[in-house]
Structure formats: structure tokens, C-alpha cells
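J.: For reference, the structure I am asking about is given below.
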Amino acid sequence: MLIAGNWKMNGDPNTLGEFGKMIARAPEAAHNGVTLIVCPPAILTAKCAERATVSPLEIGGQDCHPEPNGAHTGDIAAEMLAACGATTVIVGHSERRADHGEDDALVAAKATAAQRAGLRAIVCVGETEAERDAGNAETVVNGQLAGSLPETLDPARLVVAYEPVWAIGTGRTPSTDDVAAMHAAIRKTLDARFPGAAVPILYGGSVKPSNAAELLAVPEVGGALIGGASLKADDFLAIALAAVKN
């Protein structure tokens with residue numbers, strides 16, 4: 001199981017205090033086969049990686065630019081994240097797709113960049129409420145998979161995260177049947193694309209300690225991509241321990 005925390009645009013001295021607690025308790029989860037990753041804002045990547053040097057807790061980035069360097073003000077290259085100690089980067093998060101107009105082709109270019117830099121790529125896919133209500137959820141997600149996974153992708157360093165956009169930060173959570181159906185559809189697509197590769201599929205949508213065990217027990221759910229709950233050590237680790245039990 002892989003449990004990844006996305007801090008989004010959050011991070012202050014109090015958050016770093018919580019991070020210290022995560023480091024202290026990470027070995028418990030790692031001992032039980034759970035990979036823990038925290039993705040702080042870019043300015044905290046190096047600091048968090050340095051603090052986690054002797055811990056099994058991994059550090060990731062929240063985004064990267066397709067190019068390794070150049071005149072791209074405000075952006076960060078995958079190689080820069082790797083140099084700071086990151087092992088992973090999220091690409092194609094729904095907030096990047098919505099807020100910055102990122103399309104599948106750009107997400108695919110970022111996934112290529114991640115693997116070029118030796119990083120694990122967490123490629124996010126998911127439908128909006130309107131798309132689900134129209135009965136197009138699986139069509140939308142499979143289309144995103146087709147467009148966001150480059151031909152040269154190494155499945156050994158790929159993670160897919162399914163995030164129902166309408167459940168992120170809203171407190172709403174799909175039923176376990178909804179999650180199972182979508183993860184089964186994603187698995188079918190991944191098996192056709194990468195025969196024999198066990199690409200993890202994370203669930204990401206208002207995961208919290210109170211529902212983590214139920215969600216992580218759903219077939220083909222290989223972990224979770226966590227937003228707000230990853231800012232608190234107790235919540236993040238409670239989810240990790242729920243993963244241990246599954």
C-alpha cells in the first residue's frame with residue numbers, strides 16, 4: 001500500500017512540527033509494508049527531505065515542468081525536485097487541470113519529465129460531478145489515462161491516482177461500489193496497456209481516518225492520495241495504519 005499526502009499550498013512552522021511527528025512514527029507503517037510519501041510545497045522540499053534522511057518517509061513534489069531547465073519563471077523541473085531529495089512527483093492533479101488549464105498532453109509531458117529525472121510519477125485522473133451525472137465517468141477517466149500516460153512510460157515507476165473531482169475537499173465520498181467500479185475500470189485499462197505490471201491505483205477524495213479502512217479495503221485500491229488529512233500527523237498516520245490492516 002502507498003499512502004501519499006498532498007499538502008497543497010499549505011506549510012508553516014506548525015506544519016513542520018507535525019511533519020516531525022510523522023517522521024518519528026513512519027517506521028511503524030514501513031515495517032508493515034506501507035510506503036509513506038509527503039508532498040510539501042516546493043519551497044519546503046529540500047528541508048523536509050533533509051529532516052527525513054534517516055526515515056522511511058519519502059518526499060515528493062506537487063508538480064513539475066516538462067523541461068529540465070530554461071526560461072520558465074516560477075516553475076520547477078523534475079530534476080530540481082530529485083536534487084532536493086524527492087522520490088516522487090504528482091502530475092495532473094485535478095486542481096492543476098482546472099486552475100491552470102492543464103490538458104492530458106501536458107500531463108503526459110510532465111510524467112515523461114518525472115521519469116527522466118528518476119522520479120516516481122503519480123498521474124491523477126478523475127471526473128467532475130457533471131461528467132458523472134451524465135453517465136460519462138468511466139469514459140472520461142479512460143480518456144484521461146489514454147492521453148496522460150506517454151508511450152515511453154516505465155510502469156515500474158508509475159502510480160495512478162483516481163480522484164473524483166466532486167469529492168475533493170467537499171466532504172462527499174463516493175460509495176464503495178462507485179470506487180470499486182472505477183478502480184476495476186482503471187485496472188482493466190492499465191492491464192491492457194502494461195500487461196503483467198502491478199501499477200498501484202490510489203484513491204483520492206476526502207480520505208480521512210473515519211473512512212480510510214473502508215475505502216482501502218475496496219478491491220484494486222492500492223493506497224490513498226490524501227489532502228487535508230495529511231497536514232495532521234495523527235490523521236495521516238491513522239490512515240497509514242488503516243492501510244496496514246488491509
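Bear in mind that the values in this text are calculations on the coordinates, not laboratory data. Computed from a prediction, not measured in an experiment: that's the story for all the values here. Backbone-built Cβ (ideal geometry, glycine too); neighbour counts: all protein chains shown.
J.: So for region 125-134 (the condition being out of contact with any Gly (no Cβ under 7 Å at 6 or more places or on another chain), assigned to a loop (DSSP other than H, G, I, E, B), without any contact (Cβ under 8 Å) to a residue 40 or more places away in the chain and closer than 20 Å to THR35 by Cα), does at least one residue qualify?
T.: no
J.: Here's something else I'd like to know. Of the residues that sit in region 133-169 and are over 24 Å from GLY60 (Cβ atoms) and β-branched (Val, Ile, Thr), which one is farthest from the chain's Cα centre (by Cα)?
T.: Checked region 133-169; the qualifying residue farthest from the chain's Cα centre (by Cα) is THR139.
J.: May I ask you to list the residues in region 186-228 that are within 15 Å of ILE37 (Cβ to Cβ) and in contact (Cβ under 8 Å) with a residue 60 or more places away in the chain?
T.: Listed by number, the residues that qualify are PRO200, LEU202, GLY204, GLY222, GLY223, ALA224, LEU225, ILE226, GLY227.
J.: Inspect region 95-107 for any residue being among the small types (Gly, Ala, Ser), surrounded by 22 or more Cβ atoms within 10 Å (Cβ to Cβ) and touching a residue at least 40 places away in the same chain (Cβ under 8 Å) and give the result as yes or no.
T.: no
J.: Here's something else I'd like to know. Looking only at region 106-121, decide whether some residue is farther than 30 Å from GLU50 by Cβ, in a loop (DSSP other than H, G, I, E, B) and under 17 Å from the mean Cα position of the chain (by Cα).
T.: No - not one qualifying residue is present in region 106-121.
J.: Being exposed (fewer than 15 other Cβ atoms within 10 Å of the Cβ) and basic (Lys, Arg) narrows it down to one of LYS47, LYS21, so name that one.
T.: Step by step, each of LYS47, LYS21 is checked, and only LYS21 is exposed (fewer than 15 other Cβ atoms within 10 Å of the Cβ) and basic (Lys, Arg).
J.: For region 51-105, which residues satisfy the criterion of being among the small types (Gly, Ala, Ser) and in a strand (DSSP E or B)?
T.: GLY60, GLY61, ALA77
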